[in-house]
1. Search the structure for amide H atoms under 5 Å from the amide H of H39, placed 1.01 Å from N in the peptide plane, and list their residues when 5 or more places away or on another chain.
2. Using only the Cα atoms of the range 62-124, each taken as one equal point scatterer with no solvent, compute I(q) by the Debye sum, divide by I(0), and report log10 of the ratio at q = 0.23 Å⁻¹.
3. Limiting things to C-alpha atoms, what are the Rg and the maximum Cα-Cα separation (Dmax) for the range 1-112, in angstroms?
4. I need the calculated FRET efficiency for the pair Y2 and L62, taking r as the beta carbon distance and R₀ as 41 Å, to the nearest 0.05.
5. Assigning unit charges at the beta carbon (Lys, Arg +1; Asp, Glu -1) and nothing else, what dipole magnitude in debye, to the nearest 20, does the range 1-90 show about its Cα centre?
6. Probe radius 1.4 Å, ligands and nucleic acids ignored: give me the carbon and sulfur share of the accessible area of the range 1-119 as a rounded percent.
7. Around K12, which amide H atoms from residues at least 5 apart in sequence, or from another chain, sit under 5 Å from its own amide H, with H modelled in the peptide plane?
8. Could you give the nm distance between label points at H39 and H102, where each point is 7 Å from its Cα heading toward the beta carbon?
Amino acid sequence: MYFQHLYAKGVKLSDLVAMQRYLAAPTSLRTVSSVQKNHSIEDLTPVKLNARVKARIAQLHLEKNPGSNAVGIEDIVIGTSAQFMRTMEIDLREQYFSDAVHFFQEKYGKENVLYCMCHVNESNPHIHVGILPITSEGRLSASSLFTSKSVKILRTEFHKAVASKYGLECGKSHESNHLEEVKSHPEELKTKLKVLAENMDGLEQKI
């Protein structure tokens, strides 16, 4: 029995530059387990992520500018059970990820899906989809859009629209639960992003 993986984590405005560097890190800077390279899906790259998020927020004409601790991006990670992913043909895997992007674009608005990066050089390939957490009322509020309850509903909706077509189960495997537990700690994420950013300082990057 193989499961879909879907979990979400908020990225603060102050961490967007580091997040971009993490997403775009070339294979040589990550644990190499594949000859394939990390790449964007549907040409949705994280280039100039910080500037693009701030420009989109400016369009909201908020009464008060959000502080640096406000969540500017909800990073959605999509994958499957590792064993299933290892047996998927590359073209089928790419189609699964492409279908995922279209699902999020339809649900949250194409203009609010800022990146989709595929990390293929790890033991379990997966994608990161960056969602601007803008409510239907035009507010920037990740806490409103991505509650524990809404993420559970999101998993069900994603399964019905996408994952079920690939024979995946909707429940969460032990493997997925572990990943979500690790990724859910903001301080761990912040530390990881800063370390990655420091490691990238000597490289030429288009921020």
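1. C118, V120
2. -1.04
3. Both quantities, over Cα of the range 1-112: 16.1, 51 Å.
4. Result of the calculation: an efficiency of 0.45.
5. Details: 11 positive and 7 negative charges, 61 e Å.
Approximately 300 debye in magnitude.
6. Percent of accessible area from carbon and sulfur atoms in the range 1-119: 50.
7. Amide H neighbours of K12, under 5 Å, 5+ apart: G72.
8. Using points 7 Å along Cα→Cβ, the separation is 1.9 nm.
The values are calculated or read from the model by the stated rules, or taken from the named source; none is laboratory data. It should be emphasised that the depicted structure is a prediction, and the values quoted were computed from it without experimental measurement. Using ideal geometry, Cβ is built from the backbone for each residue, glycine included, and neighbour counts are taken over all protein chains shown. For the accessible areas, the whole protein counts, side chains as well, though only heavy atoms, and no ligand, DNA or RNA atoms are used. Shrake-Rupley method; radii C 1.70, N 1.55, O 1.52, S 1.80 Å.
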